[in-house]
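Asks: The structure is given below, and queries will be raised subsequently.
The values are calculated or read from the model by the stated rules, or taken from the named source; none is laboratory data. A quick note: this is a predicted structure, and the numbers were derived from the prediction, not measured. Cβ sites come from the backbone with ideal geometry, for glycine too, and all protein chains shown count toward neighbours.
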Amino acid sequence: MLSELLDGFMTVMSSPNAMIWCVAGVTMGTLIGALPGLGPITGIALLLPLTFQMDQLSALILLMSIYLGTMYGGRISSILINVPGDGGAIVTTFDGHPLARKGKAGYALTLSAISSFIGGLVGFLGMVFLTSILAELALIFGPTEYFSLILFTLIAACGLTQKRPLKPIIATLLGLLISAIATDPITGTQRLTFGIVELWDGINIAVVGIGLFGISETLIRLEEKISNKKGEKLTFSSLFPKVSEVLSNFGAMIRGSIIGFVIGVLPGTGALLATFMSYSTEKKLSKTPEKFGTGVPQGLSGPEAANNASVGGALIPTFALGIPGSAATAVLLGGLMMVGLQPGPLLFENSSDVVWASFAGFFIANILLLILNTAFVPAFAILIQKAEPFLVPIIAAFCFIGVYMINHRLFDIGIMIVFGILGYFMRKANFPLAPFFFAFILGSMLEQNLREALLTSTGDLSVFFTRPISLFFIIISIMILLMPILRKLKLKR
């Protein structure tokens, strides 16, 4: 295995075309990922035609570099202007943007770049050493296990371990209600669409995310009349974290990387669930969970590591089983087949030289992205400081353009404005946006897996308690639900 990987490195390093396309992929991927609403799916789809006349290795390295680059780039707009580049970068806004508001934009960008590199490195090591093992384990997860996992994530995100869990619970229930707006996937009946055709397919995640975080941010800024402080100068120490600060976040990076990689291996999950799981984990482990959302470094480093580690995890079922690990790898899967590679168990036998060389290209792309992103931190930080007085129209313009580019519909802009106003009032009333968005995104997945599990078990609810993995997540969920009750009993004693 190691000798094949070494041969792959030699192949890539000795191929000028492969190196050129690797650099081009990470650069274009970063730029596309930084634009609100454009994530890895759009990036790979837009640049897929470039692979038509390429050799297999160059095409595969380009697609993987774009995928990894868009994951890196998504954090830039999330941290600087509170507008997530894609779904996986939404959690980055929770603590990344508050750090930028405190004058630590450079610190947040550098910390997220380092975290992304650690996550990408763990993803690479997992791809090399665990592809065959985890590809088989991923098949164990069925709808029953997925339902229990998502249920645990939602309950953990509610913040029931905090002293005042009522508002997070209300926000979660509201998110679940809004996630039900769509056509019923089994019966075909309309739910809460009120006869509006555009709602038959549900509400786009990116539209809700950009409205909830981006538009509400513009309204908050207009109300607070935020302006740049004159005479404030950026120092080198404010742009880059100290070694001690990076080491203090190393535990969160490793935990996020492991969570992201494992979740990424599960077919159909991707970075979205991985980042939410990482954020919930860091919040539970923290001694001051109430500070999350105000600029806690662990709330940024953990999810960022999970975001990029999920890339390596998602590529495992794509290569080994021919099953997309995420929506982005579904597009990448089509690209592989277009250049003559057939993903599946025989891929490592028939095209092992190309596969191992692409793994080497993945590692090189990860290093290039770390260099590229840290090198441009001063430019991004200075740019955001100079543009502070104009940020409101800039954020608004990015939001409107990004949402319109998704489906080219004015209806989506209207939906974005509605959720922007909703997000504004939720922030004013101190209702957390994170649990609401968690529930909105995961609500359809929760329902789908619940119904599939009940269909396969002919309505027998005991299936959730007889399967070990499902039972494990349900037990943890019950323990979290009992926390407020146990706390009250302890106070009474």
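Asks: State whether one or more residues within the stretch 69-77 are among the charged types (D, E, K, R), under 21 Å from residue 441 (Cα atoms), crowded, with 24+ Cβ neighbours inside 10 Å and out of contact with any Asp or Glu (no Cβ under 9 Å at 6 or more places or on another chain).
Replies: No, the stretch 69-77 has no match at all.
Asks: Residue check: is residue 264 part of a helix (DSSP H, G or I), in contact (Cβ under 8 Å) with a residue 12 or more places away in the chain and within 22 Å of residue 127 (Cα to Cα)?
Replies: Taking the combined requirement at face value, the residue satisfies it.
Asks: Within the stretch 407-443, how many residues turn out to be buried (at least 20 other Cβ atoms within 10 Å of the Cβ), small (Gly, Ala, Ser) and out of contact with any Asp or Glu (no Cβ under 9 Å at 6 or more places or on another chain)?
Replies: Residues meeting the conditions: 3.
Residue-wise test of (1) surrounded by 24 or more Cβ atoms within 10 Å (Cβ to Cβ); (2) farther than 30 Å from residue 397 by Cβ.
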residue	(1), (2)
9	no, yes
19	no, yes
33	yes, no
41	no, no
50	no, no
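Asks: Whether any residue in the stretch 430-449 is more than 30 Å from residue 82 (Cα to Cα) and touching a residue at least 60 places away in the same chain (Cβ under 8 Å) is what I want to check. Break it down stepwise before answering.
Replies: Taking the stretch 430-449 as the starting set, the residues that turn out to be more than 30 Å from residue 82 (Cα to Cα) are 448-449.
Filter once more, keeping what is touching a residue at least 60 places away in the same chain (Cβ under 8 Å): 448-449.
Among the residues of the stretch 430-449, at least one is more than 30 Å from residue 82 (Cα to Cα) and touching a residue at least 60 places away in the same chain (Cβ under 8 Å), which makes the answer yes.
Asks: Considering only the stretch 346-359, I want to know if a residue exists there that is part of a loop (DSSP other than H, G, I, E, B), at pLDDT below 80 and either closer than 30 Å to residue 205 by Cβ or touching a strand residue (DSSP E or B) at 6+ places or on another chain (Cβ under 9 Å) (or both).
Replies: Within the stretch 346-359, not a single residue is part of a loop (DSSP other than H, G, I, E, B), at pLDDT below 80 and either closer than 30 Å to residue 205 by Cβ or touching a strand residue (DSSP E or B) at 6+ places or on another chain (Cβ under 9 Å) (or both).
Asks: Taking the stretch 264-315 on its own, how many of its residues are over 10 Å from the mean Cα position of the chain (by Cα) and at positive phi?
Replies: Matching residues across the stretch 264-315 total 3.
Asks: Out of the stretch 174-197, which residues are buried (at least 16 other Cβ atoms within 10 Å of the Cβ) and in a helix (DSSP H, G or I)?
Replies: 174, 175, 176, 178, 179
Asks: Something else: Pairs please, first residue from the stretch 175-196 and farther than 18 Å from residue 411 by Cβ, second anywhere and hydroxyl-bearing (Ser, Thr, Tyr), Cβ atoms under 7 Å, 6+ apart in sequence or on different chains.
Replies: 179/444
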